[in-house]
Amino acid sequence: MTQDKTAPGVEDAVRQRLRSLRLARGWSLDELGRRAHMGASTISRIETGHRRLALDHLVALATALDSSVDDLLAGPDLEDVVIRPERDEHRGIIRWPLSRPDDPSGRQVVKIRYPEVTSPQEPRVHPGYDWFTVLEGTARLLLGQREILVREGQAASFDTMTPHAFGGAGGPVEMLMIFDRHGERAHLDQ
């Protein structure tokens, strides 16, 4: 019978995840031990590789850490970590999606670059709420009957049932935007 050569790598990853989760919560070995009904020395030996991982340990530790065994055993994340811009050549907009599409909060975070707006866009409405901060340049926010200039370092938030449109004032503008599910569909699927 041959031994699975990937097991040590998986075990090392699990040990690292356990330690990272414990430290992220600010818990000592004693605190995690109390919550998992295990001895602190057992947890220490598990984290350092001096004790072999057992399924009953994983279940108790995952429960105590408000995680799942699946999350602890997850393989290495091999997905591309580089965020590449999405370009809308027709409208001159560039987007960098910064949150995962399946984010359980339903919110999407996007860095977006709008070109300068010389003539007002057609304002749109949709259910929800939008938030943004200007990273570079000045944003022209058409909100209802008002035109609001939001300068670098400033932020704005508003109910999106008010007709609204964005663009750069005096040049392009880069903004960090947060959309709820409705705003994501309205702004990113245009």
**OP:** Count, please, the residues in the range 105-124 that happen to be touching a helix residue (DSSP H, G or I) at 6+ places or on another chain (Cβ under 9 Å), of a type in the set (Lys, Arg) and in a strand (DSSP E or B).
**Re:** 1
Original post:
Consider Ser41 against the criteria (1) at pLDDT 85 or above; (2) in contact with a helix residue (DSSP H, G or I) (Cβ under 7 Å, 6 or more places away or on another chain): it satisfies all of them except one. Which criterion is unmet?
Top reply: (2)
Original post:
Taking into account only those residues within the range 107-122 that are open to solvent by 50 Å² or more (accessible area, probe 1.4 Å) and touching a residue at least 40 places away in the same chain (Cβ under 8 Å), which is nearest to Leu176 (Cα to Cα)?
Top reply: Lys111
**OP:** Go through the range 116-142 and give me each residue that's aliphatic (A, V, I, L, M) and either under 16 Å from Gly168 (Cβ atoms) or in contact with a Lys or Arg (Cβ under 6 Å, 6 or more places away or on another chain) (or both).
**Re:** Val117, Val134, Leu135, Ala139, Leu141, Leu142
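Rundown of residues vs (1) open to solvent by less than 40 Å² (accessible area, probe 1.4 Å); (2) closer than 29 Å to Val82 by Cβ; (3) part of a strand (DSSP E or B), yes/no style:
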residue	(1), (2), (3)
Trp96	no, yes, yes
Arg100	no, yes, no
His126	yes, no, no
Trp131	no, yes, yes
Leu149	no, no, yes
**OP:** May I ask you to list the residues in the range 85-94 that are part of a strand (DSSP E or B) and open to solvent by 50 Å² or more (accessible area, probe 1.4 Å)?
**Re:** Glu86, Arg87
Original post:
Restricted to the range 144-181, and to residues that are of a type in the set (S, T, N, Q) and within 25 Å of the chain's Cα centre (by Cα), which residue is nearest to Arg91 (Cα to Cα)?
Top reply: Thr160
Subject >> Subset of the range 37-57 [open to solvent by less than 40 Å² (accessible area, probe 1.4 Å) and touching a Ser or Thr at 6+ places or on another chain (Cβ under 9 Å)] >> reply: Ala40, His57
Original post:
Going through the range 118-143 one residue at a time, which ones are among the hydrophobic types (A, V, I, L, M, F, W, C) and within 26 Å of the chain's Cα centre (by Cα)?
Top reply: Val125, Trp131, Phe132, Val134, Leu135, Ala139, Leu141
Original post:
Within the set of pairs 6 or more residues apart or between chains, which connect a residue that is of a type outside the set (Lys, Arg) inside the range 23-41 to a residue that is part of a loop (DSSP other than H, G, I, E, B) with Cβ atoms less than 7 Å apart?
Top reply: Gly33/Gly39
Original post:
Just one of Ala139, Ala60 is surrounded by 13 or more Cβ atoms within 10 Å (Cβ to Cβ), at pLDDT 90 or above, hydrophobic (A, V, I, L, M, F, W, C) and closer than 30 Å to Gly33 by Cβ; which is it?
Top reply: Ala60
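The values are calculated or read from the model by the stated rules, or taken from the named source; none is laboratory data. As the structure is a computational prediction, the values presented were derived from the model and not from experiment. As a convention, Cβ positions derive from the backbone with ideal geometry for all residues, glycine included, and neighbour counts pool all protein chains shown. Heavy atoms of the whole protein, side chains included, go into the accessibility calculation; ligands, DNA and RNA do not. Shrake-Rupley method; radii C 1.70, N 1.55, O 1.52, S 1.80 Å.
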